[in-house]
């Protein structure tokens, strides 16, 4: 049975990554942070649809709304249909100013977010609230130019995939719906997790006349420029392993050099291919390292105390289980075999996989890749000592090179903090904002980039010290 | 001598109108409100440069800053050079957190606004403040595509002339300047009058992390949709005449039908052309009515108790003088002759004009015309009883038709209130905003669309009951 909490925690999974274009990877081994950005973007892949036995299906009507492609210019562009899901069953109605619960759709199919946001659905009847789940432009069915193929064709067609345009879509949709329903007096409360949480907080800041408050779960709005240290994310992931087992943490930390050295040996790539059961021969140890790093990061984001079968079927406390497998190998087991045993918790918990495909994204570039290459430029680094990952420094030039290659677009790394704030965020909020709840679990690697202390009486942080998810949704 | 007040009040003149394209007017006699919008746009004409003996020249350096043409998309577009004027002479510097006074440039050459905003210049030394006057995109020298001719070529090149883009220009300019000067701790205070005042208030709302407060003078941010009645503007203009002289008000009110009837007579247009001393024969009595309406509206906006020689040389209390001339004509003087005697206060106070050109805009469409046809859709109407102007109802369809004809662009009449608020503005500000002063003189016709009551302890209205200008700048 999906409790609100249970259904909700699944949301954290939207943080999970897509893969870079293998064509690009074959040419370049610069260490771009875009890879890390991609942890936010798993659901920007078009093939992710709600599925699995634990996925709750809530009741709603699917509607469409015609939107301008560019709200901030008057360039002649085709409009597009934005999908939204709506349920008015429990709504107290306009005469009683029944509230509107509005989920800020993230980078993916909105049906998926609706299916995994039990908190909003279960809260709505208590408040006599209408529930609306609008889809984010360029995801799911809300495709400009009529189809994903055209919308994702190139930098020109993708260029209106920005967070400000998405917020303007939301603002116009809310305004029009309220007008149609004569519900001008109905307060709008925003919800969102991860990127959707960032949107919820930003929407409350930018459109205070439209929404009276926001619950922003696990929203790393400070993960830009140097606002938080770039090591934050991987340090928190690493800490999740270290607290389970120091030796597990050390094994992982030592594995990177071992893998790289093995790759230099004659037949080394072949041996690694066999040990890790890949379907095709490894082309580079970088690919293996990326595959492992992804698994560890995903696990830190989905380290729940109960089994889930969301993107991957996982046991309860999967990091504990991974470390148990690594640590319990008999003496003399090679480090590669230990690492493999551990990582199967993520990639093959059900034991049904015969061999692994290292490149699991047949769809090429995702929408989140584009967003990471334009506005969502989040610096990541991995520091010796605190991190179990390969050491690397943040290198903006590598990001820029990656984005020019991948999309022919140049990122604007300082834009988000200019548009939405970030530096001295608390002071700005203290003199201005109100009615935002930032909720975070401190074991969630994204919590480091969120707001963890109360800013004022009406901008509050809900922090769960041992929380493994930031999303009470 | 230009006192701060004296220099400042001149600013009100930026409210003065441009003229519609005569080609358009010849074809259409629908009553479009765009005409009235244009009272905000006089300075969007490229030929307006600071001049006249009373214009103060303040000391500043002229610099340029490279801006994105579209901040909200990643479309491949050429960047452009934004001009800004800067004076750091009295600045207390970064170590002492010297403030930055930032004037939100309006629809015109920024040198003109700098020359006419004594308040900011004279206040700066007292506060140890740096002074910055950035130019609004598409005005003065801040032309996209390198030249006015290309920038104003068509709807496609003009499409990035929007208020949100202008605010983003300001936000990026401030952020970059502060970074370069290591002045992150320096508070930024926004100033602006008329459209610039609207920008100042909106900027404080949208970029609270960038500016700590705003002084918005005579800023009709509520002059959209049905937020204030569409009659407001002309009622205030009319009231300015009625309070001087009831008979003057009535003469003007009666003149419109008299003019229209005369135009129907054989030789009527010829007689009117002679009476009003036009250089070329009138083509329509509508043109004459427009010419008169403009004069009355301008006078209401420049009805100062001292002489000015700004756009037009004017005596002190020009409405009193106009009414004196109308009322003091000997009995038996025709209504046309009375009206002509009156209106010469505006068009020919120095008595040097031999004949009048009815179409005084050789430059075609102005930037403000574009803005009025896209975002700045302000409904105006004139109601029998309270207004001395020809009666007409607001007709959005006429606006839309005008804009499609003139620019091939369709207005977005509900966009501004969606983006910046307006409906239930006070409630939105009460829960969210702070540090905005709305200053208004109640005899200023634009005051009706501004904020005239305190909203909270930190959002205050400074209202001068008999104030003829709203700008303490």
Distance from the stretch B:77-92 to the stretch A:339-414 (C-alpha centre basis), Å: 39 Å
Sort B:169, B:454, B:290 by Cβ crowding within 10 Å, fewest neighbours at the top. B:454, B:290, B:169
Starting from the 7 Å offset along Cα-to-Cβ, what nm value, one decimal, do you get for the label separation of residue A:408 and residue A:89? 4.9 nm
Between the alpha-carbon centers of the stretch B:204-253 and the stretch A:268-324, tell me the distance in whole angstrom. 65 Å
Placing the label point 7 Å from Cα along the Cα-to-Cβ direction, what are the distances from residue A:280 to the equivalent spots in the other copies, shortest first, in nm to one decimal? 7.4
Rounded to 0.05, the calculated FRET efficiency for the beta carbons of residue A:63 and residue B:226 at R₀ = 30 Å is 0.65
If you stretched the chain out fully between residue B:156 and residue B:267, how much longer would it get, using 0.36 nm times the residue separation minus the C-alpha to C-alpha distance? 35.5 nm
FRET E, pair residue B:141, residue B:280, Förster distance 41 Å, beta-carbon r, rounded to 0.05: 0.75
Please report B:243, A:280 as a ranked list, fewest other C-beta atoms within 10 angstrom at the top and most at the bottom. A:280, B:243
Kindly put A:354, B:109 in sequence by how many other C-beta atoms sit within 10 Å of each C-beta, fewest to most. A:354, B:109
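Laboratory data are not the source of any read-out in this text; all were calculated from the coordinates shown. Remember, predicted model here, so these are calculated numbers, not experimental data. Cβ: placed from backbone, ideal geometry, glycine included. Neighbour counts: every protein chain shown.
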